[in-house]
Amino acid sequence: IGLDFFDASINRLAAWVIGARCMLKALLIALLEPTDKLRQMESAGNYTSRLAMLEELKTLPFGSVWDYYCLKADVPIGPAWLQTVKDYETNVLSQRT
């Protein structure tokens with residue numbers, strides 16, 4: 001699983017955090033998908049229901065589950081982590097030569 005959002009114009013730490021959070025979100029979305037139900041619909045030839053379910057999945061509030069996960073993991077919710085990275089840039093990275 002790739003974590004790096006390589007962009008020479010941004011901080012490496014920020015790129016790694018963005019990549020790690022996106023990877024975890026992708027895994028969460030996959031875990032929330034009702035795969036068994038979708039397979040049953042496909043096996044039964046019920047492609048209309050399968051398509052309808054796939055479209056509904058696009059608007060499910062996985063963000064609420066993600067926020068809860070972050071809360072339980074004691075990590076910043078939303079873009080709040082960015083201030084920690086900016087503080088690190090100011091206090092640590094700026095001191096490097």
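The values are calculated or read from the model by the stated rules, or taken from the named source; none is laboratory data. Computed from a prediction, not measured in an experiment: that's the story for all the values here. When we count neighbours, we look across all protein chains shown, and the Cβ atoms used for this are built from the backbone with ideal geometry, even at glycine.
With respect to (1) of a type in the set (A, V, I, L, M); (2) surrounded by 12 or more Cβ atoms within 10 Å (Cβ to Cβ); (3) modelled with pLDDT of 90 or more; (4) outside any loop (DSSP other than H, G, I, E, B), the lone exception for residue 71 is condition (2).
Only one entry in 63, 45 is of a type outside the set (S, T, N, Q), exposed (fewer than 10 other Cβ atoms within 10 Å of the Cβ) and over 21 Å from residue 2 (Cα atoms), namely 45.
For the stretch 84-95, does any single residue satisfy the condition of being out of contact with any Cys (no Cβ under 8 Å at 6 or more places or on another chain), surrounded by 15 or more Cβ atoms within 10 Å (Cβ to Cβ) and modelled with pLDDT under 90? Spell out how you get there, then give the answer.
Filtering the stretch 84-95 for residues out of contact with any Cys (no Cβ under 8 Å at 6 or more places or on another chain) gives 84-95.
From the residues that got through so far, the ones that are surrounded by 15 or more Cβ atoms within 10 Å (Cβ to Cβ) too are 85.
Now drop any that are not modelled with pLDDT under 90, which leaves 85.
Yes, the stretch 84-95 contains at least one residue that is out of contact with any Cys (no Cβ under 8 Å at 6 or more places or on another chain), surrounded by 15 or more Cβ atoms within 10 Å (Cβ to Cβ) and modelled with pLDDT under 90.
Within the stretch 77-97, the residues that satisfy the criterion of being part of a loop (DSSP other than H, G, I, E, B) and more than 15 Å from residue 16 (Cβ to Cβ) are 77, 96, 97. The requirement of being of a type in the set (A, V, I, L, M) and surrounded by fewer than 10 Cβ atoms within 10 Å (Cβ to Cβ) is satisfied by residue 30.
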